[in-house]
Each structure stands twice: as structure tokens, then as C-alpha cells.
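To keep things clear, I will list the structure first and then write my remarks on it.
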Amino acid sequence: MTDKTVLISQQGAVRILTNSNPGARNAITPTLYDELRAALADAANDPEVGAVVFTGAGDFFCSGGDLNLLAKRRELPAEERREKLEGLHGLIREIRDFGKPLIAAVEGGAAGAGLSMALACDMLVSARDAFYTVAYVKVGLTPDGGATAFLAEFVSRQVLTEMCLTGDRMTAERLHAMGAVNRLTDKGAALAEAVALAAKVAEGPQRASARIKALCRQAHRATLEEQLDAEAVYMVESQADAEAAEGIGAFLGKRKADFVALRRRPSDAA
């Protein structure tokens, strides 16, 4: 038996991180923050890892914050409540800014900060019967974890307001139609589909992929001029990178590029 909150496994070049608190539908615990940060850091530094999948144990992704813990926080001064909230917000930033492709695999549902963690990932694979909800209003709270920011990239102000004021569930199929979910699967198949997608992107150029992720993260809020400047910076960097030499050489030589070998030789960056 293990008392770890984050379980770690590996399938080929794909690292699988599992939030394991199934007795509480994988509600967020204080230990999740440190363990998930450490697991992401280890995956980032491991040349054998090309991509990461984040999922929940059992048949549910994450039910959000533990209301028993939140009830106790009401007794704390505002400064301490803010400090503890930064544990979640710091984790959301690290998920968003993780340097390698990061894919969420959702079964059952994602509620509250669980929804935030799923949307903070680069891509999202969901079981067709899963649901998503910003349920804070039902317990007299307001959203956190970037839920409103992530949802605003996909839904209108009216839909966002409805979700937040009612706490009603939104189906995976509706989010897929809006573009928030990349792939839908049958029940129980989200993890396998996410691993397959992760394995595909894990074959790509690591440093170019990190630059692409950065461009995609800022594209929704940047002006055209800002995005053109960012694209120019990254293109100039990429052209001098050994990854470009391998990719272009492979294309011209009519062979498959071997970016995985370059991942194991970080000194070949330029």
C-alpha cells in the first residue's frame, strides 16, 4: 500500500501521473500540491519522458477542493486564506507552464478546481459521459484556480455566467463541440486514448514543442503584433537548433526524423 497522493507510472515515453484520493472522488488535498509539483519537475528533467498524462484514480477525475478543509479556513485571517489559496494557484501555473506536452484524461467528471486543473493542461481527452461543473455557487463560494479564465477561452460570457451562477453540469459532448475537449471516448477509455495521443506528440522535437506551447498559451490574449514578434523570436531560435537540422535533414533525406535521440543530448540545443 502507498500513502502517496500522486501515483507515477510510465508507458514508453509517456509519464502518467494519477491523483489518487478515490474515497473522496480525488478531491484536492494539501499533499497534492507538493507531490504533483515534484512529479512534474521530475518528468521535465527526465530525457526518457516525452509527454505527460494527468488523470484521476478510479472512475472520477477530480471533485475539486475538500469542503472539510475549506470550512476550517473560514476561521483563518484573510492573509492566511490567501496564502493557502496560492498553493492551488501556484500549481495551476505550473501545469499551464509545464515545458512538455501535458494531456488530461477525464473519466466521470471534473468539478471546481478539478475543472481548472483539466483545462490548464495542453489538451483534454474525456469520456463521453463525463461532466464538468463550476459548482462553487452551490456552497456560497466563488470560482478559483483560473476556472473563469480557462472557460472564457471557449464559451461566451453568457454561457460562462450561467455555468458559474447555476453550478449546473456541462456535458463533455457540449465542451467538445465548443473546442475545450480534444477527443471524446467511450466510458473507461479516456486514459488509453490520452496515452496514445501523448505517445504521438512525444515523438516530436522537445524544444520546438515547448516554444509551440508558449505560443499557443498566449495566442488568445496577444495582439497580432505581439504574436508576430513572439513567433519571430521562436522561429529564429528554432532555426539554429539541432532539432531543425535533424528535422529538415530527415525531410530532405526522405527518412523519419529522430527527435528522441536529441532529447537525450540536451547539449545539442544549438
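Couple of notes before you dig in:
- Failed item, numbered, when L17 is tested on (1) in contact with a helix residue (DSSP H, G or I) (Cβ under 8 Å, 6 or more places away or on another chain); (2) in contact (Cβ under 8 Å) with a residue 60 or more places away in the chain; (3) not β-branched (V, I, T): (2)
- Only listed residue being open to solvent by less than 10 Å² (accessible area, probe 1.4 Å) and out of contact with any Gly (no Cβ under 6 Å at 6 or more places or on another chain), chosen from L119, L115: L115
- From the options E48, E80, E94, residue that is within 27 Å of A198 (Cβ to Cβ) and more than 19 Å from the chain's Cα centre (by Cα): E48
- Filter pass, A230 being in contact with a helix residue (DSSP H, G or I) (Cβ under 8 Å, 6 or more places away or on another chain) and in a helix (DSSP H, G or I): yes
- Residue check for A232: open to solvent by less than 70 Å² (accessible area, probe 1.4 Å) and closer than 23 Å to A43 by Cα: no
- Residues (among the aliphatic types (A, V, I, L, M), touching a helix residue (DSSP H, G or I) at 6+ places or on another chain (Cβ under 7 Å) and open to solvent by 50 Å² or more (accessible area, probe 1.4 Å)) located in segment 157-193: L165
- Segment 183-200 residues that are under 11 Å from F54 (Cα atoms), paired with ones that are open to solvent by 60 Å² or more (accessible area, probe 1.4 Å) and not in a loop (DSSP other than H, G, I, E, B) (beta carbon under 7 Å, 6 or more apart): V195/Q11
- Residues of segment 131-148 that are of a type in the set (A, V, I, L, M) and buried (at least 17 other Cβ atoms within 10 Å of the Cβ): V134, A135, A147.
- D34 being farther than 24 Å from P143 by Cα and either open to solvent by 80 Å² or more (accessible area, probe 1.4 Å) or of a type in the set (D, E) (or both): no
- Every residue from segment 92-115 that is touching a Phe, Trp or Tyr at 6+ places or on another chain (Cβ under 8 Å) and in a helix (DSSP H, G or I): I95, G114, L115
- Among the residues listed as A208, A219, the single one being under 30 Å from M235 (Cβ atoms) and touching a Ser or Thr at 6+ places or on another chain (Cβ under 7 Å): A208
- Residue in segment 206-217 that is assigned to a loop (DSSP other than H, G, I, E, B) and open to solvent by 40 Å² or more (accessible area, probe 1.4 Å) present: no
- Qualifying residue in segment 67-82 (condition: open to solvent by less than 70 Å² (accessible area, probe 1.4 Å) and either at positive phi or in contact with a strand residue (DSSP E or B) (Cβ under 8 Å, 6 or more places away or on another chain) (or both)): no
- Those strands (runs of 3 or more DSSP E) of segment 1-85 in which at least 3 residues are under 16 Å from S116 (Cβ atoms) and at pLDDT 95 or above, considering only elements entirely within it, cover 51-56.
- Only one of the listed residues (A261, A198, A222, A270) is modelled with pLDDT of 95 or more and of a type outside the set (V, I, T). That residue is A198.
- Unmet criterion (only one of (1) farther than 26 Å from R128 by Cβ; (2) part of a loop (DSSP other than H, G, I, E, B)) for H89: (2)
The values are calculated or read from the model by the stated rules, or taken from the named source; none is laboratory data. All values reported here derive from a predicted model rather than from experimental measurement. Reconstructed Cβ throughout: ideal geometry from the backbone, glycine too, with neighbour counts over all protein chains shown. Quick note on the areas: whole protein, heavy atoms, side chains included, nothing else; ligands and nucleic acids left out. Shrake-Rupley method; radii C 1.70, N 1.55, O 1.52, S 1.80 Å.
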